[in-house]
2 protein chains.
Amino acid sequence: MIGQNEYFEGQVRSLEFKNEQGNFTVGVMEPGEWKFEAPVKEWMHLVRGTWDVQQPAGQGEWTTYKEGERFEVPGGTDFTVRVNDTVAYLCPYTGEFLGHLDM
Amino acid sequence: MIGQNEYFEGQVRSLEFKNEQGNFTVGVMEPGEWKFEAPVKEWMHLVRGTWDVQQPAGQGEWTTYKEGERFEVPGGTDFTVRVNDTVAYLCPYTGEFLGHLDM
């Protein structure tokens, strides 16, 4: 089963799957500033495009990441992503397969 | 707008977007053997997992690709992908943004 997630009225969408390597979402973010909470430890890999990231959301420094780069999100923390041009990303996450992530 | 595509009763799903770099789908394929036709020139990049590919579909040799590798699909040709464990892929394509690819 490939899960489908929608956030911020469809301006962020992701597909959810698991394989031998673990659990993942792969998704697309349109331009905007998007805050996410990570219930479990996860990583955010940039597949296409660039983004600025603030960890934790609203407080930390902004860091710019390029295609192929990634950042880690400890479980139970949040972050804000600032997207200027639509990006694609991959998010491996720990713990059990959630199938369908609800915000 | 992030397009949503579904193929083979949801065993293959993709999200469609464009940015300054061009047009893309990013998607997930579950285990199975899936035949696709490429109306325009495109590339199939493996983001997670491995797959075997036959170009053109039904005739050519099978080639195995690993994560990070890609193959090119000339416009107007077809190919078959054999997936043993669910994969994620990125497909940059040429021509104008289709928004929503119908098989």
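The values are calculated or read from the model by the stated rules, or taken from the named source; none is laboratory data. Computed from a prediction, not measured in an experiment: that's the story for all the values here. Positions of Cβ are backbone-derived with ideal geometry, glycine not excepted, and every protein chain shown enters the neighbour counts. The accessibility values were calculated without ligands, DNA or RNA, using every heavy atom of the protein model including side chains. Shrake-Rupley method; radii C 1.70, N 1.55, O 1.52, S 1.80 Å.
Considering (1) of a type outside the set (A, V, I, L, M, F, W, C); (2) surrounded by fewer than 13 Cβ atoms within 10 Å (Cβ to Cβ); (3) closer than 24 Å to B:Lys18 by Cα, say which one A:Asn5 fails and leave the rest.
Single failed check for A:Asn5: (2).
What do you reckon, is A:Glu67 under 26 Å from B:Thr50 (Cα atoms), touching a Lys or Arg at 6+ places or on another chain (Cβ under 8 Å) and free of Cβ contacts under 8 Å to residues at least 24 places away in the same chain?
So A:Glu67 passes the test.
Consider A:Lys35 against the criteria (1) more than 9 Å from chain B (Cβ to nearest Cβ); (2) charged (D, E, K, R); (3) open to solvent by less than 20 Å² (accessible area, probe 1.4 Å): it satisfies all of them except one. Which criterion is unmet?
(3)
Against the condition touching a residue at least 40 places away in the same chain (Cβ under 8 Å), under 29 Å from A:Pro31 (Cα atoms) and of a type outside the set (D, E, K, R), how does B:Leu46 come out, does it pass?
yes
Among the numbered criteria (1) more than 20 Å from A:Leu15 (Cα to Cα); (2) at pLDDT 95 or above; (3) of a type outside the set (D, E, K, R), which one does B:Gly60 miss?
Only one criterion is unmet by B:Gly60, namely (2).
So which residues in segment B:24-37 are under 13 Å from the mean Cα position of the chain (by Cα) and within 23 Å of A:Leu90 (Cβ to Cβ)?
Within segment B:24-37, B:Phe24, B:Thr25, B:Val26, B:Gly27, B:Val28, B:Met29, B:Glu30, B:Trp34, B:Phe36 qualify.
Looking only at segment B:8-32, which residues are open to solvent by 20 Å² or more (accessible area, probe 1.4 Å), closer than 17 Å to B:Asn84 by Cα and not aromatic (Phe, Trp, Tyr)?
Selection gives B:Gln11, B:Arg13, B:Glu30, B:Pro31, B:Gly32.
Of all residues in segment B:7-21, which are facing chain A (nearest Cβ under 9 Å) and assigned to a strand (DSSP E or B)?
Correct list: B:Val12, B:Arg13, B:Ser14, B:Leu15, B:Glu16, B:Phe17, B:Lys18, B:Asn19.
Out of all the residues in segment A:73-85, is one or more touching a Cys at 6+ places or on another chain (Cβ under 9 Å) and either crowded, with 18+ Cβ neighbours inside 10 Å or touching a residue at least 60 places away in the same chain (Cβ under 8 Å) (or both)?
Yes, that holds for at least one residue.
Looking only at segment B:49-103, count how many residues are in a loop (DSSP other than H, G, I, E, B) and either among the acidic types (Asp, Glu) or within 14 Å of chain A (Cβ to nearest Cβ) (or both).
Number satisfying all stated conditions: 15.
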